[in-house]
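Okay, structure first, notes after.
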Amino acid sequence: MLNGIIVESTLYHYETISADEAFYLASLLNSSILDELIKPMQSKGEFGERDIHKKPLEYPIPRYRPEDPVHKKLSELGREATGIAQRALSSILQEYGYDKRLKERGALLPQEVATVRRRLRSELRGLLEQIDALVVKLLERGGQKFTIEQFMAP
């Protein structure tokens, strides 16, 4: 029995074959490449783009193959990024006083979540750059033609 779960409108579920596949998908879905590709299709709210739903799945994301060196490296980077994010999260929450707000309210406000996400991405910058380069390789295999420079901020 599950407790403490609230689904506001939609829940998507995917069962992976292994933890390695889960980290591979986490790398892909958190890459700035996929994020930038879906932005034009997202609705916009008060705090920017939102509602990604299944938009990332409109791109040729290959099924995880552990024998593929790019897949394997994305999985390894995803695992490493997860560990760094887990270790950094409590200090980031404390830094902004969000730990107390989270305890009081049980949730963070959307702008607070955005701040935490921005800080985590800053902590993970080097790993995310490696992930982005590999995601470009994967999407190019699927027939997309672009370079990582297209996604870099000016």
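The values are calculated or read from the model by the stated rules, or taken from the named source; none is laboratory data. Just so we're clear, the structure is a prediction, and the values are computed from it rather than from any experiment. Cβ: placed from backbone, ideal geometry, glycine included. Neighbour counts: every protein chain shown.
Looking at (1) more than 22 Å from Asp35 (Cα to Cα); (2) assigned to a helix (DSSP H, G or I), which is the only condition Gln86 fails?
(1)
With the requirement that a residue be under 14 Å from the mean Cα position of the chain (by Cα) and of a type in the set (D, E, K, R), what does region 70-115 give you?
Passing the criteria: Arg79, Glu80.
Show the residue pairs that are 6+ apart or on different chains and have beta-carbon atoms under 6 Å apart, the first residue being within region 1-26 and modelled with pLDDT of 90 or more, the second being surrounded by 11 or more Cβ atoms within 10 Å (Cβ to Cβ) and among the charged types (D, E, K, R).
Phe23/Arg79
From the residues in region 5-33 that are in a loop (DSSP other than H, G, I, E, B) and crowded, with 19+ Cβ neighbours inside 10 Å, which one is farthest from the chain's Cα centre (by Cα)?
Among those residues, the one meeting the criterion is Ser31.
Check region 121-137 and report whether any residue there is modelled with pLDDT under 90 and more than 30 Å from Val7 (Cβ to Cβ).
yes
Among the residues of region 38-82, what is the count of those that are among the aliphatic types (A, V, I, L, M), modelled with pLDDT under 75 and either in contact with a Lys or Arg (Cβ under 9 Å, 6 or more places away or on another chain) or surrounded by fewer than 16 Cβ atoms within 10 Å (Cβ to Cβ) (or both)?
Residues flagged as among the aliphatic types (A, V, I, L, M), modelled with pLDDT under 75 and either in contact with a Lys or Arg (Cβ under 9 Å, 6 or more places away or on another chain) or surrounded by fewer than 16 Cβ atoms within 10 Å (Cβ to Cβ) (or both) within region 38-82 amount to 3.
Can you list residue pairs whose Cβ atoms sit under 8 Å apart, with the first residue in region 55-70 being charged (D, E, K, R) and the second being modelled with pLDDT of 85 or more? Count only pairs 6 or more apart in sequence or on different chains.
What qualifies is Arg65/His71.
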